[in-house]
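To keep things clear, I will list the structure first and then write my remarks on it.
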Amino acid sequence: FLSDCLSVCVPVSLFVQSGSGCLVSRHVDSGEEVDDDGSPKKKRRTVVRMERPRAVAIQFQGINTTDITAVSKMFSGLEFYVVNGPSEFSKADIEREIAAHGGSLVQSPTDQTFCVLADRLVARVRSVISMSCYDVVLVSWLRACLDAKKLLPFLPGHMLHSSPATAGKFAQEFDEFGDNFTEPITDEQLQATFQTIAEKGADVSVSQEEILEIEQRYLGQSSVTGLLRGLRFYVDTCVEVGRRDTLLTMSPLRLSELEIRFYGGAVADDVDDDVSHVVCHKSDLSRL
């Protein structure tokens, strides 16, 4: 009987070894899984994920064209991709105008896309430009079509990017500043051309001979400011001929110099072989 008994020291030592000195007790359910050491396994937390329906952002959504009244067939057969527009003429407004005039709309360019319309460069526009196969056109072109009530050709000033075909056409018909070689130019187009020259920082230097050629070609004898073009004058405003340091500050011919330049003439500092006329004042003919 005594051989089946334990002393108090034996179970105490077992508790110390298994629980690092802590006496811990826990009830274990009959269906609960346990590890090899007898401790219950930790239950894994089940995470329930809520799936949200996928949707396109509002600014990239197309409009509902079912309730749009047809106005014309100006854009019939043409497919447009509108990226953005100015604040007073939004993307939705642009798409309504296109649909009302017979055009079709897509929300991503395809092989059939006529052009991509945008008002400003954003990441989406740059992405389309990087494809280098679409005409990316300013919204101002569309407005010009609506004002003229007809489909207008693209002009260099309308383009944010030109496809290879359009760029080739422009190279044949326009100079580097967007001026057409053969078509008449309007005041607005001329101002836009000058603005392009300024923006490109072009150093445009035109000689008197080139100005004379342009006036004779396009204006003939009707150019008032070119009346003296091609003539070279020496104006007698110096005490010693050809010495500007002896200039007569009160000479009445100083105004004549300005008038000669105004009418296109050139004023020489000395009498040389290219001088065609010498101008003297009747009150002083001493150097004549």
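Of note:
- Per the listing VAL136, VAL116, the residue uniquely touching a Cys at 6+ places or on another chain (Cβ under 8 Å) and at pLDDT 95 or above is VAL136.
Residue by residue, here is whether (1) of a type in the set (Phe, Trp, Tyr); (2) under 25 Å from ARG229 (Cβ atoms) holds:
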| position | (1), (2) |
| --- | --- |
| ASP175 | no, yes |
| GLY178 | no, no |
| PHE181 | yes, yes |
| PRO184 | no, yes |
| GLN189 | no, no |
| GLN195 | no, no |
| LYS200 | no, no |
| VAL206 | no, yes |
| GLU209 | no, yes |
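- Residue match in the stretch 222-243 (condition: in contact with a Pro (Cβ under 7 Å, 6 or more places away or on another chain), without any contact (Cβ under 8 Å) to a residue 40 or more places away in the chain and on the phi > 0 side of the Ramachandran plot): no
- Restricting LEU138, LEU160, LEU151 to those that are within 22 Å of GLU188 (Cα to Cα) and either in contact with an Asp or Glu (Cβ under 7 Å, 6 or more places away or on another chain) or free of Cβ contacts under 8 Å to residues at least 40 places away in the same chain (or both) reduces the list to LEU138.
- Looking across GLY103, GLY77, one residue alone is of a type outside the set (Asp, Glu) and surrounded by 14 or more Cβ atoms within 10 Å (Cβ to Cβ). It is GLY103.
- Residue list for the stretch 252-271, restricted to those being open to solvent by less than 60 Å² (accessible area, probe 1.4 Å) and within 21 Å of GLU209 (Cβ to Cβ): GLU257, ILE260, GLY264, GLY265, ALA266, VAL267, ALA268
- VAL139 fulfils the conditions (1) surrounded by fewer than 17 Cβ atoms within 10 Å (Cβ to Cβ); (2) under 27 Å from ASN180 (Cβ atoms) except for a single criterion, (1).
- Qualifying residue in the stretch 235-251 (condition: in a strand (DSSP E or B), of a type in the set (Ser, Thr, Tyr) and farther than 14 Å from GLN208 by Cβ): no
- Of the residues in the stretch 227-239, at least one is open to solvent by 80 Å² or more (accessible area, probe 1.4 Å) and over 20 Å from ASP284 (Cα atoms).
- For the criterion of being surrounded by 15 or more Cβ atoms within 10 Å (Cβ to Cβ), farther than 30 Å from ASP270 by Cα and of a type in the set (Gly, Ala, Ser), ALA192 passes.
- Selection within the stretch 242-271 - touching a Gly at 6+ places or on another chain (Cβ under 9 Å) and charged (D, E, K, R): GLU259, ASP269, ASP270
- Among the residues of the stretch 104-135, those identified as over 27 Å from GLN189 (Cα atoms) and touching a residue at least 24 places away in the same chain (Cβ under 8 Å) are SER104, LEU105, VAL106, GLN107, SER108, PRO109, THR110, GLN112, THR113, ARG124, VAL128.
- Condition broken by SER223, with the remaining ones in (1) surrounded by fewer than 16 Cβ atoms within 10 Å (Cβ to Cβ); (2) assigned to a loop (DSSP other than H, G, I, E, B) satisfied: (1)
- PHE177 satisfies every condition listed in (1) within 27 Å of ALA198 (Cβ to Cβ); (2) open to solvent by less than 30 Å² (accessible area, probe 1.4 Å) except (2).
The values are calculated or read from the model by the stated rules, or taken from the named source; none is laboratory data. Since the structure is predicted, the reported quantities are computational estimates derived from the model, not experimental observations. Cβ sites come from the backbone with ideal geometry, for glycine too, and all protein chains shown count toward neighbours. When the accessible area is computed, the model is the full protein with side chains, heavy atoms only, and any ligands, DNA or RNA have been set aside. Shrake-Rupley method; radii C 1.70, N 1.55, O 1.52, S 1.80 Å.
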